[in-house]
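Novice: Pasting a structure below so you can have a look.
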């Protein structure tokens, strides 16, 4: 695994689809990252077995991607525990793994994500800790 990439792609737990177009081509300059996040476990009450299955599915999804030649890192719940929200975590991942941090407004070119299916997650990911719009954006529209 390289230490720096030109593109980061976030995969959330409700996006474990090996048939997605992202995976048709191996890009050695792209790092896929899967993150187990407390906010995904806490936005509604879940049975502990459901959460274990959910996080295990994330781990099991990372393996075939790696075997196919993709660059993948899977962050466990323990590894993401120090981050208060998705935006803070993504910004830290970008600081560590992006070759060049893009200027504000160009972040979307380097950081892409497969739109979350949960509006609460989308809304949380688009806000910084102080409530301002984050430099991480999604293309999911709010529910009608």
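Novice: Report, by residue number, each residue of region 10-33 that is surrounded by 20 or more Cβ atoms within 10 Å (Cβ to Cβ) and under 16 Å from residue 69 (Cα atoms). Steps first, answer last, please.
Specialist: Initial filter on region 10-33 (surrounded by 20 or more Cβ atoms within 10 Å (Cβ to Cβ)): 10-13, 31-33.
Once the filter is applied, which keeps residues that are surrounded by 20 or more Cβ atoms within 10 Å (Cβ to Cβ) and under 16 Å from residue 69 (Cα atoms), region 10-33 yields 31, 32, 33.
Novice: Oh, and also: I'd like to verify a number: residues in region 36-53 that are in contact (Cβ under 8 Å) with a residue 12 or more places away in the chain and under 15 Å from residue 89 (Cβ atoms), how many? Break it down stepwise before answering.
Specialist: Let us first name the residues in region 36-53 that are in contact (Cβ under 8 Å) with a residue 12 or more places away in the chain, namely 36-41, 43.
Now restrict to residues that are under 15 Å from residue 89 (Cβ atoms): 36-41.
Matching residues across region 36-53 total 6.
Readers should treat all values here as calculations from the given coordinates under stated rules, not as data from a laboratory. As the structure is a prediction and not an experimental result, all values here were calculated from the model. Glycine gets a Cβ as well: all are built from the backbone with ideal geometry, and neighbour counts include every protein chain shown.
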